[in-house]
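Here is the structure we will look at.
The values are calculated or read from the model by the stated rules, or taken from the named source; none is laboratory data. Quick caveat: nothing in here was measured; it's all calculated off a predicted structure. Here the Cβ is made from the backbone with ideal geometry for all residues, glycine too, and neighbour counts use every protein chain on show. Surface areas here come from the heavy atoms of the whole protein model, side chains and all, with no ligands, DNA or RNA. Shrake-Rupley method; radii C 1.70, N 1.55, O 1.52, S 1.80 Å.
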Amino acid sequence: MILNLLQLGRVSYAEGLELQKVLVDARHDERIGNTLVLLEHPPVLTLGRNASRANILASDEFLAWRGIEVHEINGDVTYHGPGQLVGYPIFDLRSFTPRLGAVEYVRKMEEALIRACGDFGVQTTRVAGKTGVWTMAGGSIQEKKIAAIGVHIARGITSHGFAFSVNPDLRDFQLIVPCGIADREVTSLEREVDPPPAMEAVRNAVARQFGHVFQSQVLWVESPADLLPELALASNAVPASADL
């Protein structure tokens, strides 16, 4: 099975949502195969429609002053920003043998990220009852979240995905209660390993491990138009090869 890999660099959250919509429709119509989109977003908070506004600790005025957008989507409160690798797998769960269920799909995504962390010498794990990837606990040290996961599945096609903290400004997470979990800290590869890996190395590790875990051959796609001819992004998207 082929897994298309599309690396876009920094793209606005609104453009990312529109891109996912187009790719989901194309995957449903079988005009494209399974696709993994890797990118970064400018600073943005996402607030689930059923989430509590109290989990955003900053005022609207302060967020506007900082240039941080707020988008209402499914799920709880999350932060995206530069230095965080965001992945949008557009997968047809019926294309795998055997077909993947929602829980197994999330577990496989966690496994790919756990293995990617291991590539850089960072031991991570799952935490019972909490989705995502966490550093190992030890003694009085609690687990810290290094990757958040939130997925949407419609007609068997996945969208949204994960946010993997590589080298973001962790102070921005103090603006929220991440995913509504108040008793755990957020960490990053930069904080956990010295010297910290470059974003390009992390992108490559994540793509490779997704290929292994989902038993697919990763095929790098040059641009969105090469994947889907009618697809175009706004001109302010930064190429993945750029120095961010």
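By how many nm would the segment from VAL103 to ASP25 lengthen if fully extended, with 0.36 nm per residue of separation less the alpha-carbon distance?
Gain on extension, VAL103 to ASP25, equals 25.8 nm.
I need the Kirkwood Rh of the stretch 102-177: take the reciprocal of the average 1/r across all distinct C-alpha pairs and report it in angstrom.
13.6
Can you give me the solvent accessible area of PHE214 with a 1.4 Å probe, rounded to the nearest 10 Å²?
Spelled out: PHE214, probe radius 1.4 Å, area about 10 Å².
In nanometres, what is the gap between the two model label sites at ASP226 and GLU200, each 7 Å from Cα along Cα-to-Cβ?
Placing both labels 7 Å beyond Cα along the Cβ direction yields 1.6 nm.
Once the Cβ-Cβ distance between GLU185 and ASP119 is put in as r, and R0 is 35 Å, what FRET efficiency do you end up with, to the nearest 0.05?
According to the calculation, E is roughly 0.95.
For GLN215 and GLU15 in the same chain, what is the full-extension length gain: residue separation times 0.36 nm, less their Cα-Cα distance, in nm?
That pair, GLN215 and GLU15, stretches by 69.1 nm at full extension.
What net charge is computed for the residues neighbouring ARG115, neighbours being all others with C-beta under 14 Å from the C-beta of ARG115, Lys and Arg scored +1, Asp and Glu -1?
With Lys, Arg at +1 and Asp, Glu at -1, the net is +1.
Around ALA201, with a cut-off of 13 angstrom between Cβ atoms, what is the net charge of the other residues, counting Lys and Arg +1 and Asp and Glu -1?
-1
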